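Undergrad: Input: one structure, supplied below.
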Amino acid sequence: MSSEKDPLFTPQAFGDITLPHRVLMSPLTRSRAAQPGDVPQDINVEYYRQRAGAGLILSEATQISPQGKGYAFTPGIHSAEQIAGWRKVTDAVHDAGGRMHAQLWHVGRISHPELQPGGADPVAPSAIKPEGAKTFISAESGMVEIPTPRALETHEIPGIIAQYRAAAVNAREAGFDGVEVHAANGYLLDQFLKSDSNARTDAYGGCLENRLRLTLEVVQAVVDVWGGGRVGVRISPTGSFNDVHDQHPEETFSALAKGLDDIAIAYLEVVEDSFQGNHENGRPESIISAIRANFSGVYIANGAYSADEARERIAAGKTDLVTFGRPFIANPDLPERLRRGAPLNEPDYDTFYGGDEAGYLDYPFLDEGR
Ligand code: PHB
């Protein structure tokens with residue numbers, strides 16, 4: 001396929017900027033931040049530098065505050081050391097010709113007292129335990145069950161929004177090109193959005209309008225820092241990872257898309273199934289169409305896409321862009337490989353989370369003479 005005709009390799013207007021092509025890198029937890037402090041370190045700089053050929057890199061999920069942390073070894077963006085560490089990453093990506101957004105993350109109930117300041121209980125919209133959900137608290141203890149969280153008091157909500165605002169300011173200082181608010185995969189904002197994890201009776205729960213309120217207020221705060229043209233939101237309307245469920249996902253996520261359209265953000269990244277890309281029953285087409293009908297910004301599809309499916313769905317107008325996860329772990333030069341139709345390296349699942357350079361910096365490039 002000649003590159004002029006390949007739907008994956010046409011530019012895309014994207015908020016304030018234009019992306020050169022449509023092969024984007026998903027946010028991917030790799031659990032390799034320096035300890036103590038959850039600080040991006042040299043191996044992280046090199047990992048992102050290697051992948052700078054992406055149309056856009058979304059950073060791994062990055063905690064906005066100590067309270068927002070849910071796993072050992074994930075990076076933060078709330079301390080001066082973390083900001084300095086991220087600055088090295090964004091400088092390297094920019095020097096290599098790339099663009100990168102920070103993904104802003106508060107895990108809510110998907111945490112553990114051992115990871116929380118002062119050993120506190122994790123916070124959530126409601127004191128509902130995520131059944132079967134686990135988190136990784138330390139190399140020694142490994143994966144552990146998540147306890148029942150504490151419901152946030154109404155008077156604490158402005159403090160949550162302030163955490164996102166501060167992280168958005170820090171992301172600017174760290175040299176990112178924009179930010180993605182993580183409202184997917186059963187973390188804090190998704191817990192508020194979805195009916196079965198939100199049993200609140202105040203203005204942040206109950207009816208649909210109330211369940212959307214926190215996400216819309218957070219996104220408005222972030223847009224106040226960055227401008228809408230540099231902000232996106234990640235959602236997972238039908239995902240049940242971390243034990244979240246919504247009774248009426250089409251209604252909920254159409255209304256959210258409309259609310260986000262009113263704030264005029266640049267893009268929505270939609271996990272079109274579970275975060276691990278399980279879509280035996282097909283993609284949730286009616287929800288995808290409803291979201292697109294209510295949102296005039298750029299639509300990014302995510303979820304176990306092959307290059308050919310990405311091409312088909314871009315050509316059919318079902319998505320504008322695609323984020324690739326596992327293929328980007330194993331192929332630092334993924335866009336170039338897809339452009340040339342070259343074979344792909346296979347990912348090694350055992351080295352996805354934690355560890356060192358192995359399975360992180362050593363996947364071969366097509367042209368090893370780089
Ligand atoms: C994870 O660390 O397992 C993780 C983080 C963020 C996600 C999904 C999974 O959105």
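Undergrad: Quote the convex hull volume per residue of region 97-146, based on C-alpha atoms, as a whole number of Å³. Write out the running numbers ahead of the final one.
TA: Numbers: hull volume 6.5 nm³, N = 50.
Taking only Cα atoms, region 97-146 has a hull volume of 131 Å³ per residue.
Undergrad: If you don't mind, another one. Quick one: which residues, 5+ away or cross-chain, put their amide H under 5 Å from the amide H of Gly108? H built at 1.01 Å from N.
TA: Result for Gly108 returns Leu188.
Undergrad: In addition: On the accessible surface of the chain, probed at 1.4 Å, how many percent belong to carbon and sulfur atoms?
TA: Numbers: 6940 of 13880 Å².
Answer for the chain: carbon and sulfur cover 50 percent of the accessible area.
Undergrad: Counting only the heavy atoms of the protein chains, how much of Arg150 is accessible to a 1.4 Å probe, in Å² to the nearest 10?
TA: My reading of the accessible area for Arg150 is about 90 Å².
Undergrad: Among Pro147, Pro347, Pro36, which one shows the highest mean-square fluctuation when the chain is modelled as a Gaussian network with alpha-carbon springs under 10 Å?
TA: So, out of Pro147, Pro347, Pro36, the one fluctuating most is Pro36.
Undergrad: Computed over the Cα atoms, what is the radius of gyration of region 117-231 divided by 2.2 N^0.38 Å, N being its residue count?
TA: Working: Rg = 15.5 Å, N = 115, 2.2 N^0.38 = 13.4 Å.
Dividing the Cα Rg of region 117-231 by 2.2 N^0.38 Å gives 1.16.
Undergrad: Please give the direction-averaged projected area of the C-alpha convex hull for region 32-77, in square nanometres with one decimal.
TA: 3.3
Undergrad: Among Glu156, Glu46, Glu131, determine the one that fluctuates most according to a GNM of the chain built with springs between C-alpha atoms less than 10 Å apart.
TA: Glu156
Undergrad: For Val169, Val322, write out the residues from largest to smallest accessible area, computed with a 1.4 angstrom probe and no ligands counted.
TA: Values: Val169 70, Val322 0 Å².
Most to least solvent-accessible, the answer reads Val169, Val322.
Undergrad: Calculate how large, on average over all directions, the projected area of the Cα convex hull of region 54-125 is; give the answer in nm² to one decimal.
TA: Details: hull surface 21.5 nm².
Projected area, direction-averaged: 5.4 nm².
Undergrad: On average, how much accessible surface per residue is there in region 176-290, in Å², for a 1.4 Å probe, leaving out ligands, DNA and RNA? Don't skip to the end; give the middle numbers.
TA: Values: 3720 Å² over 115 residues.
Counting only protein heavy atoms, the per-residue value for region 176-290 is 32 Å².
Undergrad: Below 8 Å between Cα atoms, with a sequence gap of 6+, how large is the relative contact order for region 7-351 in percent?
TA: Working: 768 pairs, mean separation 57.2, N = 345.
It rounds to 17 percent for region 7-351.
Undergrad: If you don't mind, there's one more thing I want to ask. Under 30 Å from the Cα of Lys69, which lysines turn up, not counting those fewer than eight places away in the same chain?
TA: Lys88, Lys129, Lys134, Lys194, Lys258
Undergrad: Next up: Which of the helices in the chain meet the span-like rule: DSSP H, Cα axial reach of 20 Å or more, Kyte-Doolittle mean at least -0.5? Provide the component values of the computation, followed by the final result.
TA: Working: long enough: 80-95 (22 Å, -0.58); 157-173 (25 Å, 0.23); 208-226 (27 Å, 0.52); 249-263 (21 Å, -0.19).
Helices meeting the criterion: 157-173, 208-226, 249-263.
Undergrad: Taking Cα centroids, how far is region 312-370 from region 9-28 in Å?
TA: Each part's Cα centre sits 16 Å from the other's.
Undergrad: Show the residues, 5+ positions off or on another chain, whose built amide H is closer than 5 Å to the amide H of Ala133.
TA: Here the answer is Ile146, since their amide H atoms fall under 5 Å of that of Ala133.
Undergrad: How far is it, in nm, from the label point at Glu81 to the one at Glu140 when both lie 7 Å from their Cα along the line to the Cβ?
TA: Spacing of the two 7 Å Cα→Cβ label points: 2.0 nm.
Undergrad: What span do the alpha-carbon atoms of region 7-351 cover on each of the three principal axes, reported in whole Å from largest to smallest?
TA: Principal-axis extents of region 7-351 (Cα, largest first): 53, 44, 38 Å.
Undergrad: With N denoting the number of residues in region 254-370, provide Rg(C-alpha) divided by 2.2 N^0.38 Å, to two decimal places. Mind showing how you got there, number by number?
TA: Values: Rg = 16.6 Å, N = 117, 2.2 N^0.38 = 13.4 Å.
Normalised Cα radius of gyration, region 254-370: 1.23.
Undergrad: Using the alpha-carbon centroid of each, what span in Å lies between region 121-187 and region 236-255?
TA: 18
Undergrad: Given a 10 angstrom Cα cut-off, can you work out which residue in Thr351, Thr148, Thr29 is the most mobile in a GNM of the chain?
TA: Ranking Thr351, Thr148, Thr29 by mean-square fluctuation puts Thr351 first.
Undergrad: Provide Glu140, Glu114, Glu217, Glu251 ordered by accessible surface of protein heavy atoms (probe 1.4 Å), highest first. Could the numbers behind the result be given before it?
TA: Values: Glu140 160, Glu114 130, Glu217 65, Glu251 105 Å².
If we order Glu140, Glu114, Glu217, Glu251 from most to least accessible, we get Glu140, Glu114, Glu251, Glu217.
The values are calculated or read from the model by the stated rules, or taken from the named source; none is laboratory data. Predicted, not measured: the structure shown is a model, and the values here were computed from it. Reconstructed Cβ throughout: ideal geometry from the backbone, glycine too, with neighbour counts over all protein chains shown. Ligands, DNA and RNA are stripped out before the accessible areas are found, and what is left, the full protein with its side chains, is counted by its heavy atoms. Shrake-Rupley method; radii C 1.70, N 1.55, O 1.52, S 1.80 Å.
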